[in-house]
Amino acid sequence: AAGMAAPTMEERKACWGARDEFWQCLDSHGDDAAKCEKLRRAFESRCPQQWVKHFDKRRDFLKYKKKLETEGFHPPEAAGKS
């Protein structure tokens, strides 16, 4: 299928640019996706579907990681013990 062809360098740049703009928008709006809908559509139209899925997972992971770094990791079993 045509969709499976590896993206060219130009296409990759367009995809990453769209992703970065979308992510910046999310960052500045506290992850309110509704405010970034246009950028989300651009991101989805410029990136292969697989990449969109990958980047979505990656963003969730990075947010989770940042949360751990800022709040620290609290294992449930340690809660309440001093």
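Per-structure values
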| item | result |
| --- | --- |
| Tally, over region 49-82, of residues that are surrounded by 12 or more Cβ atoms within 10 Å (Cβ to Cβ) and modelled with pLDDT of 95 or more | 7 |
| Hits in region 21-76 (condition: under 13 Å from the mean Cα position of the chain (by Cα) and aromatic (Phe, Trp, Tyr)) | 22, 23, 43, 51, 55, 61, 64 |
| Among the residues listed as 12, 41, the single one being in a helix (DSSP H, G or I), open to solvent by 100 Å² or more (accessible area, probe 1.4 Å) and at pLDDT 95 or above | 41 |
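The values are calculated or read from the model by the stated rules, or taken from the named source; none is laboratory data. Note that the structure is a prediction, hence the values are computed from the model and not measured. FYI the Cβ positions are ideal-geometry reconstructions off the backbone, even for glycines, and counts take in every protein chain you see. In case anyone asks, the SASA skips ligands and DNA or RNA and just uses the protein heavy atoms, side chains included. Shrake-Rupley method; radii C 1.70, N 1.55, O 1.52, S 1.80 Å.
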